[in-house]
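*Asks:* The structure is given below, and queries will be raised subsequently.
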Amino acid sequence: MDHDAVKRKLEDALGEEVRQSVPMRDYTTLRVGGVADFFYETNQIDKLIIAIDCCHKNKVPYLVIGGGSGIVFSDAGFPGLVIHNITSRISFLTEKNQVMVDSGCTFSRVVTESASRSLSGLEWWYGIPGTIGGAVYNNSSVSNHNIDEVVKNITLILPPDDEHPAQLKQVSVDWMNYHEHTSKLREWQQPKPIILTVLLQLRQQRRDEIMERMQESSKKFYPYNLTDIHHSAGSFFHIAPEEDVNIANLLKDLINKKLNIGDAIVAKDHPDFIVNLGNASASEIFQLKELITKAIKDSGRAKIVDKVEYLGIWAK
Ligand SMILES: Cc1cc2nc3c(=O)[nH]c(=O)nc-3n(C[C@H](O)[C@H](O)[C@H](O)COP(=O)(O)OP(=O)(O)OC[C@H]3O[C@@H](n4cnc5c(N)ncnc54)[C@H](O)[C@@H]3O)c2cc1C
């Protein structure tokens, strides 16, 4: 099907808000990446479901993004529909200390609204960029706290196949099979299920104590002299050092070699951050991460795996 025909099908299902050739750099915190053929932003759960059903019927690849803070789109962009999830309802189930949130809610907003009701458990994430959906997908962890401490269950939509339409499914947190910085959804081949809502189990605590921890947490996310022109996607790697290796020193040895490719550089005070100084391409970011990965592997002193995801078409 040609592009115009696909656009018509998407517009029939989703309305005229479907856009064409949208730069993904505008929707990611690292600010790199080419265009998505089609782009659709929605704050409605049912539109997420309609979007993936329509993509399936018309054989259009799709993916959903939230805050774009854990991904790198290739310079070639994405050949299909990128769905920008900005669903944002939050409901408190006060007697049970639970909160039901749409997956497109920003994590920091959920922390703030929970804290204002004296609900504790999320404050370690205060200041983290991105959405609850992205954090649950990514098995997010901060300061020795892991997302499975607070997630009770998840409602997701399983992608349609030739025999079944898209199906709603409620799963417990165990279904996510969180292990070693990954999750069942991270490992799932495209097309992937989409997280629609998340039920969080919190607990009552004094508000001033929660607020204090929030203040402490917020300092952690941008402590690295990063400014508005230093775009980032946070930590790029999980590095598991051999027992006697100080990973910071190992990385600093590499950084002293002044690792940079164009405007893609390794952050000065935080060597597992790759930063875009302003005009880096996705390819330069990718080459730099490959260089670091190879150097760590060649050292034979640590294991290294990607933390951010590389989306779109990448040259082999
Ligand atoms: C400065 C900085 C500091 C950071 N520090 C940390 C940290 O301390 N700990 C940490 O864990 N992370 C950290 N991150 C990474 C980032 O914040 C997390 O990965 C975040 O949880 C991603 O959420 P997002 O909404 O931005 O997801 P996106 O980047 O938009 O997407 C990430 C992945 O999740 C998938 N996804 C998103 N929403 C959904 C959904 N509703 N259903 C199914 N799949 C979905 C996307 O398809 C994609 O594969 C940091 C990032 C930055 C920029």
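The values are calculated or read from the model by the stated rules, or taken from the named source; none is laboratory data. Since this is a predicted model, take the numbers as computed values, not measurements. Glycine also receives a Cβ, built like all others from the backbone with ideal geometry; neighbour counts cover every protein chain displayed.
*Asks:* Quick one: S172 ticks every box in (1) surrounded by fewer than 13 Cβ atoms within 10 Å (Cβ to Cβ); (2) at pLDDT below 95 except a single one, so which number is it?
*Replies:* (2)
*Asks:* Hey, any hits in the range 137-146 for a residue that's of a type in the set (G, A, S) and touching a Lys or Arg at 6+ places or on another chain (Cβ under 8 Å)?
*Replies:* yes
*Asks:* Out of T94, T42, T112, report the one residue that is touching a helix residue (DSSP H, G or I) at 6+ places or on another chain (Cβ under 9 Å), polar (S, T, N, Q) and in the same structural domain as P193 (by TED's automatic domain parsing).
*Replies:* The match here is T112.
*Asks:* Out of S143, S172, report the one residue that is of a type outside the set (D, E) and within 12 Å of the ligand (Cβ to nearest atom).
*Replies:* Step by step, each of S143, S172 is checked, and only S143 is of a type outside the set (D, E) and within 12 Å of the ligand (Cβ to nearest atom).
*Asks:* Considering only the range 92-194, give the helices (runs of 4 or more DSSP H) lying wholly within it that have at least 3 residues that are not charged (D, E, K, R).
*Replies:* Answer list for the range 92-194: 107-115, 132-138.
*Asks:* Go through the range 16-40 residue by residue and tally those that are more than 21 Å from A233 (Cα to Cα), modelled with pLDDT of 95 or more and surrounded by fewer than 21 Cβ atoms within 10 Å (Cβ to Cβ).
*Replies:* Residues meeting the conditions: 5.
*Asks:* So which of S232, S217 ends up being within 11 Å of the ligand (Cβ to nearest atom), in a strand (DSSP E or B) and under 29 Å from F73 (Cα atoms)? Break it down stepwise before answering.
*Replies:* Numbers: S217 fails: in a strand (DSSP E or B).
Testing whether each residue is within 11 Å of the ligand (Cβ to nearest atom), in a strand (DSSP E or B) and under 29 Å from F73 (Cα atoms) leaves just S232.
*Asks:* Buried (at least 16 other Cβ atoms within 10 Å of the Cβ) and farther than 13 Å from V198 by Cβ: does that describe S118?
*Replies:* Judged against the criteria, S118 is a match.
*Asks:* Could you list, in sequence order, the residues of the range 27-46 that are assigned to a helix (DSSP H, G or I) and either within 13 Å of the ligand (Cβ to nearest atom) or within 15 Å of P79 (Cα to Cα) (or both)?
*Replies:* Taking the range 27-46 first, the residues assigned to a helix (DSSP H, G or I) are 27, 45-46.
Once the filter is applied, which keeps residues that are assigned to a helix (DSSP H, G or I) and either within 13 Å of the ligand (Cβ to nearest atom) or within 15 Å of P79 (Cα to Cα) (or both), the range 27-46 yields Y27, I45.
*Asks:* Okay, next question. Taking D53 as meeting all but one of (1) part of a helix (DSSP H, G or I); (2) modelled with pLDDT of 95 or more, write down the number of the exception.
*Replies:* Going through (1) part of a helix (DSSP H, G or I); (2) modelled with pLDDT of 95 or more one by one, D53 breaks only (2).
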